[in-house]
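Written below as structure tokens is the structure these notes are about.
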Amino acid sequence: GAPAGAPQQAPAGYGQPQQAPAGYGQQAAGHGGPGHAVPPQGGYGYPTPGGAPGQAPGSQEEKSAGPPQNLWLALGAALVAAVVCVFAYGALFNAMTDLEAGETRQIGYVSLLVGVIVGAGPAFLAKRNWVAYGVGVLLAAVAIYFGTIFGLAMVANELQTLVLGSGDGAMSLFFGDMGELIEMWNDGAEAMDWVFMAFAPLGAVVVAQGVLKRSKQD
């Protein structure tokens, strides 16, 4: 034994800080790994109680960013506008026709206005819907063409009235003799007549682009 009064050596590690086991207090690097997993706290990379700020994918805000789904309303508005423009442009065509000279004075911006009126429905009610835009352009072309045919029917009715003393009526000629009126117009139409008629679908394109550009800026 050691002599009495001699200092005894403390056991190894006694009174010295001991290192914690590896992984203690840290999240385990896999299922069943060493250490204890620390519950995630609110902060970077972890969801905070009550949900993170902003909208989750598929939320109402994200859905509202898509094109408005008013296709049928837009097509209905374009169809009604086209029918109205047929008879309105026909009356204007008749007013611009000189029976004595046998000439009709064409006004380009009137045809353009017809396209704007017909294309306004798809432009405002179905934004970014290219099907509605295409239908609006087509209906604008149909409106200006059959508006011209109806105007020709009104002119033919006036000629009948002047020659025979009475006419069959513009509406009767338009629906009853439409084939003959179309053939008469196609045979007598000049290149500029078709150019003026092309302004109508152009007007539908212009109003659609204008509304779409304005909505993007907003």
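The values are calculated or read from the model by the stated rules, or taken from the named source; none is laboratory data. As the structure is a computational prediction, the values presented were derived from the model and not from experiment. Ideal geometry is used to build each Cβ from the backbone, glycine not excepted, and the neighbour counts take in all protein chains shown. Keep in mind that these areas ignore ligands, DNA and RNA; they rest on the heavy atoms of the full protein, side chains included. Shrake-Rupley method; radii C 1.70, N 1.55, O 1.52, S 1.80 Å.
Which one of these is touching a residue at least 24 places away in the same chain (Cβ under 8 Å), open to solvent by 30 Å² or more (accessible area, probe 1.4 Å) and over 28 Å from the mean Cα position of the chain (by Cα): ALA91, ALA95, ALA101? Let's see the steps before the verdict.
On the way: ALA95 fails: touching a residue at least 24 places away in the same chain (Cβ under 8 Å); ALA101 fails: touching a residue at least 24 places away in the same chain (Cβ under 8 Å).
Selected residue: ALA91, the only one of ALA91, ALA95, ALA101 that is touching a residue at least 24 places away in the same chain (Cβ under 8 Å), open to solvent by 30 Å² or more (accessible area, probe 1.4 Å) and over 28 Å from the mean Cα position of the chain (by Cα).
Just one of (1) touching a Leu at 6+ places or on another chain (Cβ under 6 Å); (2) under 18 Å from THR104 (Cβ atoms); (3) not polar (S, T, N, Q) fails for GLY203. It is (2).
What residue, of VAL110, VAL83, is open to solvent by less than 60 Å² (accessible area, probe 1.4 Å) and either at negative phi or not hydrophobic (A, V, I, L, M, F, W, C) (or both)? One residue alone meets the criteria, VAL110. Take LEU138 and decide whether it is open to solvent by 50 Å² or more (accessible area, probe 1.4 Å) and modelled with pLDDT of 95 or more. Yes. Among the residues of the range 142-162, just one is surrounded by fewer than 20 Cβ atoms within 10 Å (Cβ to Cβ), of a type in the set (A, V, I, L, M) and farther than 18 Å from LEU99 by Cβ, namely VAL142. Filter the range 163-176 for residues that are loosely packed, with under 13 Cβ neighbours inside 10 Å and on the phi > 0 side of the Ramachandran plot and give the result. Residue satisfying the conditions is GLY165 alone.
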